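K.L.:
Please read through the structure below; I'll follow up with questions.
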Amino acid sequence: MAKPKRVGHLVLNVKNLDESTKFYSEVLGFEIALQRPTGTFLTCGKIHHDLALFQAPEGAMPVTEGQLGLNHFAVQVEDINDLKEVYDELKDSGASMDRNTDHGMTSSIYFFDPDGNKIEFFCNNTDTASEGLDLMRSPERINKELVLD
């Protein structure tokens, strides 16, 4: 069987395309690659699109957190300074925050988009992927609260 290379992109159905496009582009910093009346394609700047938003049909119901389906998706930033910048922007925008966690190998902030989808922004705390994997596998590793205020 072929080994997956990477996750290609994420597509979300949203209640209000304009509101979600504004949140993902103006608050989170994604760049709009293409915008159509029924969908917006967003990029981190290197490939055609990393995230797409499509207008859901009227009356569509969201999946309740903790049920089957998407738990969250994660977006990497360069370092802890960038993570703090995102955190401050989210707080200033009034976004619904979930938690901040120091996982050891990563530092993460968790929050919700306008439709209640949980998102994680994170930065690596190790210099190499192998160091991060070793830390992840360590039986002594525990998650701790990440204080950014």
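K.L.:
Would you pick out the residues in the range 110-149 that are assigned to a helix (DSSP H, G or I) and surrounded by fewer than 16 Cβ atoms within 10 Å (Cβ to Cβ)?
P.N.:
Listed by number, the residues that qualify are Ala129, Ser130, Glu131, Leu133, Asp134, Met136, Arg137.
K.L.:
What's the total number of residues in the range 1-21 that are farther than 11 Å from Phe41 by Cα, of a type in the set (Val, Ile, Thr) and in contact (Cβ under 8 Å) with a residue 12 or more places away in the chain?
P.N.:
Number of matching residues: 1.
K.L.:
Those residues that are in a strand (DSSP E or B) and within 26 Å of Ser130 (Cα to Cα), I need them from the range 59-109; list them, please.
P.N.:
Residues satisfying the conditions are Phe73, Ala74, Val75, Gln76, Asn100, Thr101, Asp102, Thr106, Ser107, Ser108, Ile109.
K.L.:
Okay, moving on. Please indicate, with yes or no, whether at least one residue in the range 93-100 is among the charged types (D, E, K, R) and more than 18 Å from Leu12 (Cβ to Cβ).
P.N.:
Yes, because at least one residue in the range 93-100 is among the charged types (D, E, K, R) and more than 18 Å from Leu12 (Cβ to Cβ).
K.L.:
Among the residues of the range 61-68, is there at least one that is among the acidic types (Asp, Glu) and in the same structural domain as Arg141 (by TED's automatic domain parsing)?
P.N.:
no
K.L.:
Mind checking which residues of the range 1-53 are farther than 16 Å from Asn117 by Cβ, part of a loop (DSSP other than H, G, I, E, B) and not hydrophobic (A, V, I, L, M, F, W, C)?
P.N.:
Lys3, Pro4, Lys5, Arg6, Gly8, Gly29, Pro37, Thr38, Gly45, Lys46, His48, His49
K.L.:
Follow-up question, since we're still on this one. Yes or no: Thr38 over 19 Å from Leu70 (Cα atoms), among the hydroxyl-bearing types (Ser, Thr, Tyr) and exposed (fewer than 13 other Cβ atoms within 10 Å of the Cβ)?
P.N.:
When the stated conditions are applied, Thr38 passes them.
K.L.:
In addition: What number of residues within the range 53-93 are touching a Gly at 6+ places or on another chain (Cβ under 9 Å) and touching a residue at least 60 places away in the same chain (Cβ under 8 Å)?
P.N.:
Final tally of qualifying residues: 1.
The values are calculated or read from the model by the stated rules, or taken from the named source; none is laboratory data. Keep in mind that what you see is a predicted model, and the values were worked out from it rather than measured. Glycine also receives a Cβ, built like all others from the backbone with ideal geometry; neighbour counts cover every protein chain displayed.
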